[in-house]
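Engineer: Sharing a structure with you now.
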Amino acid sequence: MNDDTPDSTQELADVLQDVRRHLLWQEETAGRSLLVDAKVAAELQQQRAAASSVRTMIARTKAPEPPAASPPPRPPVESPTRDALHAAMKQPLGAARPLAAATPPPAASRPLASEAPAPRAAPAPGMLLDVPKSTPRYNGALPGVVEGERPTLDQIRRELGDCRRCKLCTGRKNIVFGSGNPRADLVFVGEGPGENEDLQGVPFVGAAGDLLTKMIGAMGFSRNDVYIANVVKCRPPGNRNPEPDEIAACEPFLRSQLLALQPKVIVALGKFAAQTLLRDTTPITRMRGQWREYEGIQLMPTFHPAYLLRNSAEKRKAWEDLQQVMKLFGKHPGSGA
């Protein structure tokens, strides 16, 4: 049926209304136990089928068929609460970090209070580990040297390698690591290598080295009895003073050398050695001659031999400083250097 005019629609509505009234009458009479023969029953069935067909046609003329039902929308994801964010930030690295409130598991699946928590999974390679604060590292020593451990001089030299940790490496000929007795009770620490030291790779072999050798001999020792090292292991250009970044790059190796040696006394030659080891900016003219302490080791600051070569009048003061060191070792002072 393709006629969609208003008259045809009204006609269908009237027919449907008549059919409804007839059906209601049939049902009421049947409710009073009125006997209906087979012919009447068949007629009633035809009338009901006709009414159903009429309702379908009327619905098609009034409104189009609805589109196919779309799937129900997903419920919105809840934004994480502030407490959930704080809890996630406290989780260890590598652990799952739930940001939204999770649905609690059924009662049957919850672990008992007496059960031990599951062990944490091992971190992936390269992941940072939580280092216990109870094992601090030795301040300024080599990487991997834990406080209380004593490295060897050979280990320190291997770690230093062909050092490129500061700009002094660009102009050096040799690294001047240190020399002397690896079990020395007396250690001399200078500033840095000079031209002759750079050529030979040995500390204090130039004019200042000759004077230091005489000073050591006057104290009743030889160079084979003591150990000699410098704050920086490479020669500063033109024998200039080492700069702060150069000292910072090289200082851990000096401190590791002293940790390996563990001498009874350190003689700091000049301001750079004394100020670096003591973390003290007091001028050497005021610091010299007074016992100080470095990591539990007695330290005597005094003038550098190169300074004494330029200022001969100060040799007497330097000799007084060295005599205090001699007394500590039970040696009797002899003639001056």
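The values are calculated or read from the model by the stated rules, or taken from the named source; none is laboratory data. The structure presented is a predicted model; accordingly, all values stated were derived computationally and were not measured. A quick note on method: Cβ atoms are made from the backbone with ideal geometry, for glycine too, and the neighbour counts reach across all protein chains shown.
Engineer: Within the range 270-293, track down each residue that is more than 27 Å from GLU149 (Cα to Cα), in contact with a strand residue (DSSP E or B) (Cβ under 7 Å, 6 or more places away or on another chain) and buried (at least 21 other Cβ atoms within 10 Å of the Cβ).
Structural biologist: Passing the criteria: GLY270, ARG288.
Engineer: Residues of the range 201-224 being touching a helix residue (DSSP H, G or I) at 6+ places or on another chain (Cβ under 8 Å), surrounded by fewer than 17 Cβ atoms within 10 Å (Cβ to Cβ) and either not hydroxyl-bearing (Ser, Thr, Tyr) or not in a loop (DSSP other than H, G, I, E, B) (or both), which ones?
Structural biologist: ALA207, GLY220, listed by residue number.
Engineer: If PRO252 satisfies all but one of (1) more than 16 Å from HIS304 (Cα to Cα); (2) surrounded by fewer than 20 Cβ atoms within 10 Å (Cβ to Cβ), what's the number of the condition it fails?
Structural biologist: Status for PRO252: all satisfied but (2).
Engineer: Select from the range 215-244 the residues that are small (Gly, Ala, Ser) and within 25 Å of CYS166 (Cα to Cα) and write down the one among them that is farthest from the chain's Cα centre (by Cα).
Structural biologist: Selected residue: GLY238.
Engineer: A follow-up question, please. May I ask you to verify whether LEU160 is of a type in the set (A, V, I, L, M, F, W, C), assigned by TED's automatic domain parsing to the domain that holds PHE272, surrounded by 15 or more Cβ atoms within 10 Å (Cβ to Cβ) and over 23 Å from MET300 (Cα atoms)?
Structural biologist: Yes, satisfied.
Engineer: Looking at PRO333 and the list (1) in the same structural domain as GLU195 (by TED's automatic domain parsing); (2) more than 17 Å from ALA184 (Cβ to Cβ); (3) touching a helix residue (DSSP H, G or I) at 6+ places or on another chain (Cβ under 7 Å), which single condition is not satisfied?
Structural biologist: Here PRO333 clears every test but (1).
Engineer: If you go through the range 225-234 one residue at a time, how many are of a type outside the set (Phe, Trp, Tyr), crowded, with 20+ Cβ neighbours inside 10 Å and either in contact with a strand residue (DSSP E or B) (Cβ under 8 Å, 6 or more places away or on another chain) or outside any loop (DSSP other than H, G, I, E, B) (or both)?
Structural biologist: Summing the residues that are of a type outside the set (Phe, Trp, Tyr), crowded, with 20+ Cβ neighbours inside 10 Å and either in contact with a strand residue (DSSP E or B) (Cβ under 8 Å, 6 or more places away or on another chain) or outside any loop (DSSP other than H, G, I, E, B) (or both) in the range 225-234 gives 5.
Engineer: Could you check the range 249-337 for helices (runs of 4 or more DSSP H) lying wholly inside it with 1 or more residues that are aromatic (Phe, Trp, Tyr)?
Structural biologist: Hits in the range 249-337: 271-278, 305-310, 315-328.
Engineer: May I ask you to verify whether GLU320 is more than 44 Å from the chain's Cα centre (by Cα), modelled with pLDDT of 95 or more and charged (D, E, K, R)?
Structural biologist: yes
Engineer: Another question, if that's okay. Name the residues in the range 131-156 that are surrounded by fewer than 16 Cβ atoms within 10 Å (Cβ to Cβ), over 30 Å from LYS331 (Cα atoms) and modelled with pLDDT of 95 or more, would you?
Structural biologist: ASP154, GLN155
Engineer: List the residue pairs whose Cβ atoms are under 7 Å apart, where the first residue sits in the range 160-186 and is closer than 15 Å to ASP198 by Cβ and of a type in the set (Lys, Arg), the second is modelled with pLDDT of 95 or more and in a loop (DSSP other than H, G, I, E, B), and the two are 6 or more positions apart or on different chains.
Structural biologist: The qualifying pairs are ARG172/CYS234; ARG172/ARG235.
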